[in-house]
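Each remark here refers to the structure printed beneath this line.
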Amino acid sequence: MFLIVNKYLLRKRFVGVTLWPFIVMRTPELKEDIVFINHEKIHIRQQAEMLVLPFFIWYVIEYFIRLIQYRDSYVAYLNISFEREAYARECELSYLEKRPFWSFLAYL
């Protein structure tokens with residue numbers, strides 16, 4: 001995992017994004033935000049266990065399904081199974097030590 005600070009790689013509404021094996025963040029202060037880093041580490045694990053490219057294909061397909069379902073882009077994003085798992089477990093700093101394989105499926 002590599003941490004990169006670059007505000008120009010992100011859209012204005014985003015503070016960070018995980019593109020295996022990189023976590024790109026808007027400000028250097030986010031390197032010290034353990035909840036943010038844990039959230040992004042959960043995405044690193046999700047991407048690795050799905051062999052990266054299938055993760056992004058699934059992510060985009062599920063986003064559009066949720067967009068049709070909720071008719072709101074932010075609500076659609078929050079209801080993607082990968083995001084639901086990451087937001088639900090981001091405060092559990094030891095979550096990745098015990099996380100079962102493909103746990104995001106429980107959040108579909």
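May I ask you to list the residues in region 43-71 that are assigned to a helix (DSSP H, G or I) and either touching a Phe, Trp or Tyr at 6+ places or on another chain (Cβ under 7 Å) or within 17 Å of Phe2 (Cα to Cα) (or both)?
Passing the criteria: His43, Ile44, Arg45, Gln46, Gln47, Ala48, Glu49, Tyr59, Tyr63.
For region 1-16, name all the residues that are touching a helix residue (DSSP H, G or I) at 6+ places or on another chain (Cβ under 9 Å) and free of Cβ contacts under 8 Å to residues at least 12 places away in the same chain.
Arg13
Checking Glu92 against (1) farther than 19 Å from Leu3 by Cα; (2) among the charged types (D, E, K, R); (3) part of a helix (DSSP H, G or I), which test does it fail?
So the condition that Glu92 fails would be (3).
Identify, please: which residue in region 80-97 is acidic (Asp, Glu) and surrounded by fewer than 20 Cβ atoms within 10 Å (Cβ to Cβ) and is, among those, farthest from Val35 (Cα to Cα)?
For region 80-97, the residue satisfying everything is Glu97.
We did not get these values from a lab; they are worked out from the coordinates using the rules stated. Keep in mind it's a predicted model, so treat the numbers as computed, not measured. Neighbour counts run over all protein chains shown; Cβ positions are idealised from the backbone, glycine included.
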